[in-house]
Amino acid sequence: MIVFAYPKLFLLLLLPLLFFLIIPPKKQQFGDALSVPFLADLKKIKEDFAFSQFGLANKSFVSFFKFFYLFLIWALLTVAAARPQLVGEPYRLNANNRDIMLVIDISTSMLQPDFSTTTRRIDRLSAVKAVVSAFIQKRTEDKIGLVLFGTRAYLQSPLTFDRTSVQEILLNTDAGMAGQSTSIGDALGLALKNLRNEKNKENKVIILLSDGENNDGALSMAQAINLAEKEGIKVYTIGVGAETNFINSLFGLRNNELDEKSLKALAQRTKGNYFRATDLNSLAEIYNRIDTLEPEQTEGTVVQDKTDLFYVPLLVALVLAFFFIFFSRSFIK
């Protein structure tokens, strides 16, 4: 089915008629006193010859055809401006869809190599990239947004169904790109701001991951917690880093900066949960648990595939305009 995004623009079809009725015919520049009778006859002979060359004997018919031709070009341009679209059949998305904003710490402390695979040690951010990327890939019906923070918080992706783009942004992130310190409050405030105007009132979720404490930025943790509670958006918090013990301390692996108290308070006040990720397996398990906790029944969203077709009438109008200019020059010669 073809629909028009701006159907009111079809009123422009009346514009040529209004110009014809309102604007008076142009008078001769020098008046009738300077008109020479036989010049008009010469002009008529020249026009008749031009018409005969193209097999057009009736001048009134040519005038009418010219008006119709120009009006057709105008009509095609009007159709293009009204933006015709080919609309597919409506279908409803999965009723369990959610708006999920991922808020991830990329301060330099995320370079601590206290996570490990089966063969080697890896830093915290590499572990987070692997696990969160897999989590994003499973969000087939959810909208995903991404906020990265360090000294400053940056919205890297607003809420979108384009999972691949969000994954690429995350995987191309390096620790320290947003600064060395940690602004958890600002990052949370930015995520809340971008979720506020979304139509989905029930299934808004923030998953905040950090390995430190709020030691920079404009918003304190107390202010950010109050703001999140007021917005009524559920926040899941994840504290990242291996437990400090004798063996880890020998390798210089410490996590004394993690503010578990504030992260727990944030989760509790917003009816979310706090999780502690001390290794790669526990981090993956946390995101699996969040996945099972969140689905709620909603009415779902009805969507339709739309394909723009404005270029078709626009292209035809340009071709007709080219032929008009070409043949007009032929008549003049």
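The values are calculated or read from the model by the stated rules, or taken from the named source; none is laboratory data. The structure presented is a predicted model; accordingly, all values stated were derived computationally and were not measured. Cβ sites come from the backbone with ideal geometry, for glycine too, and all protein chains shown count toward neighbours. Accessible surface is based on the protein model in full, side chains and every heavy atom, while ligands, DNA and RNA are left aside. Shrake-Rupley method; radii C 1.70, N 1.55, O 1.52, S 1.80 Å.
Brief remarks follow.
- Positive-pole candidate from GLN223, ALA187, MET177, dipole of the stretch 141-225, charges at beta carbon: GLN223
- Entries of LYS204/LYS271; LYS193/LYS234; LYS143/LYS193; LYS143/LYS261 with Cα pairs more than 19 Å apart: LYS143/LYS261
- Modelled spin labels at LYS230 and ILE2, positioned 7 Å past Cα toward Cβ, are 5.2 nm from each other.
- Mean separation of Cα contacts under 8 Å (6+ apart) over length of the stretch 117-182, as relative contact order %: 33
- Of all accessible heavy-atom area on the stretch 112-161, the percent that carbon and sulfur account for (1.4 Å): 49
- Solvent exposure of the stretch 64-130, expressed per residue, is 48 Å² of accessible area, with all protein chains present and a 1.4 angstrom probe.
- When the surface is traced with a 1.4 Å probe over the full set of protein chains, PHE4 keeps roughly 80 Å² accessible.
- Percent RCO, i.e. relative contact order, over the stretch 159-225, from Cα pairs under 8 Å lying at least 6 residues apart: 45
- In this simple spin-label model, placing a label point 7 Å from the Cα along the Cα-to-Cβ direction at both PHE20 and PHE326 gives a separation of 2.7 nm.
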